[in-house]
1. Counting only residues that are closer than 12 Å to Lys175 by Cα and part of a helix (DSSP H, G or I), which one in the stretch 116-147 is farthest from the ligand (Cβ to nearest atom)?
2. Of all residues in the stretch 1-27 being part of a helix (DSSP H, G or I) and β-branched (Val, Ile, Thr), which is nearest to the ligand (Cβ to nearest atom)?
3. Identify, please: which residue in the stretch 63-92 is buried (at least 17 other Cβ atoms within 10 Å of the Cβ) and away from the ligand (no atom under 15 Å from the Cβ) and is, among those, farthest from Arg35 (Cα to Cα)?
4. For the stretch 28-45, how many residues meet the condition of being assigned to a strand (DSSP E or B), more than 13 Å from the ligand (Cβ to nearest atom) and either more than 14 Å from Leu9 (Cα to Cα) or of a type outside the set (A, V, I, L, M, F, W, C) (or both)?
5. Out of (1) within 24 Å of Ala211 (Cα to Cα); (2) among the hydroxyl-bearing types (Ser, Thr, Tyr); (3) not in a helix (DSSP H, G or I), what's the single condition that is false for Thr60?
6. Considering each of Leu65, Leu116, Leu15, Leu77 in turn, give the residue that is touching a Phe, Trp or Tyr at 6+ places or on another chain (Cβ under 9 Å), of a type outside the set (D, E, K, R) and touching a residue at least 12 places away in the same chain (Cβ under 8 Å).
7. So, of the residues in the stretch 199-228 that are touching a strand residue (DSSP E or B) at 6+ places or on another chain (Cβ under 8 Å) and assigned to a helix (DSSP H, G or I), which turns out to be surrounded by the most Cβ atoms within 10 Å (Cβ to Cβ)?
Amino acid sequence: MPNRQALILGASRGLGLVLARELTRRGWRVIATMRQDAAELRASADASNGRLTVESLEMTSPGQLAALRERLAGRRLDLLFVNAAIDRGDLPIGEVPTGMFTEVMITNALSPLRALETLRDLVAPGGTVAVMSSEQGSVSRNTEPGYELYKASKAALNQLMRSYATRHADDGQTKLLIDPGHNRTRLGGPGAPLTAQESIPAVADVLEAQAGAPGLRFLDRHGEIVPW
Ligand SMILES: NC(=O)c1ccc[n+]([C@@H]2O[C@H](COP(=O)([O-])OP(=O)(O)OC[C@H]3O[C@@H](n4cnc5c(N)ncnc54)[C@H](OP(=O)(O)O)[C@@H]3O)[C@@H](O)[C@H]2O)c1
C-alpha cells in the first residue's frame, strides 16, 4: 500500500524514535512528535527526503493537542500511534507522593486517550489507532513485586482504551494496545533483554498485519494476545 501515513506521538528517543524510522524505512509517510528539540529525530527527518516530518507536542496539554489537530487539518492518517509515557521509579504505593501519582496517571492514562479523542477524526475509516501499553498493565499477570504506580497507570490506560473501543465500536477503525517487550531505553533501564532495533520491527509487523481488522486487541510484539 503506497503512501500510508502515520502520526506517532512521542518519538524523540527510545521506542518511538525507532518506530518512526522503521515505518519510514517501510515506505510510510510519518509525522513524528517531540516536545523539545530532539537531535536524533531531526537528523532522521533531514535524511528522509520529506517522508518523515516533525511536529511539536507536549501530550499532557489539551491546548497543544488541539493546535496539532488544527495544523494537521486535511491529513488522512492510516495509523495514529500514541507512544509517549513516563516512569517515576519503584516506590511502593504508600510512599508515592500525590503529585507523582497524578503526573504518571495524567501522562500514561488520561493524555493518550485525550490524544485519541482529539485526533481520531484524522484517521481513515479502515485505519488504526494504537497506544503503547505494556505487559505491566496486565492485571492478571501482576504476580511479581515492583513498579506499582507504572503498572497501575498502564492498567488504567488499558481500561480507558476498552471504554473508548466500546464508545467508538462502529467507527470501523482498528484499535490496538501494544506490549513491545522489555527494552533497553531510558524507561526500560540498562538491564532489559531487548533493544528497540530488535523489538520495533516486530511491533511494525503487528501493526501492518492488524490493519483493516476492526475491534480492540491487546497484543505483544509477536501478535499474541496479552491477557487483561
Ligand atoms: N522500554 C520498555 O521496556 C517498555 C516496555 C513496555 C512498554 N513500554 C512503553 O513504550 C513506550 C516508549 O517507552 P520507551 O522505553 O521508549 O521510553 P523513553 O525512552 O523514556 O521515551 C519516552 C518517550 O515519551 C516522550 N514523552 C514522555 N512524556 C511526554 C509528554 N508528556 N509529552 C510528549 N512526549 C512525552 C519522551 O519525550 P522526551 O524526550 O521529551 O522526554 C520520549 O520520546 C512507553 O509508552 C512505555 O510505557 C516500554
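1. Arg120
2. Val18
3. Asp78
4. Residues flagged as assigned to a strand (DSSP E or B), more than 13 Å from the ligand (Cβ to nearest atom) and either more than 14 Å from Leu9 (Cα to Cα) or of a type outside the set (A, V, I, L, M, F, W, C) (or both) within the stretch 28-45 amount to 1.
5. (1)
6. So the residue among Leu65, Leu116, Leu15, Leu77 that is touching a Phe, Trp or Tyr at 6+ places or on another chain (Cβ under 9 Å), of a type outside the set (D, E, K, R) and touching a residue at least 12 places away in the same chain (Cβ under 8 Å) is Leu116.
7. That would be Val203.
Conditions tested, residue by residue: (1) more than 25 Å from Asp205 (Cα to Cα); (2) surrounded by 14 or more Cβ atoms within 10 Å (Cβ to Cβ); (3) among the aliphatic types (A, V, I, L, M).
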{"residue": "Gln5", "(1), (2), (3)": "no, yes, no"}
{"residue": "Gly14", "(1), (2), (3)": "no, yes, no"}
{"residue": "Thr24", "(1), (2), (3)": "no, yes, no"}
{"residue": "Ile31", "(1), (2), (3)": "no, yes, yes"}
{"residue": "Arg35", "(1), (2), (3)": "yes, yes, no"}
{"residue": "Asn49", "(1), (2), (3)": "no, no, no"}
{"residue": "Val54", "(1), (2), (3)": "no, yes, yes"}
{"residue": "Glu58", "(1), (2), (3)": "yes, yes, no"}
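The values are calculated or read from the model by the stated rules, or taken from the named source; none is laboratory data. This is a predicted model, so every value here is computed, not measured. Don't worry about glycine lacking a Cβ; one is built from the backbone with ideal geometry, like all the others, and counts go over all protein chains shown.
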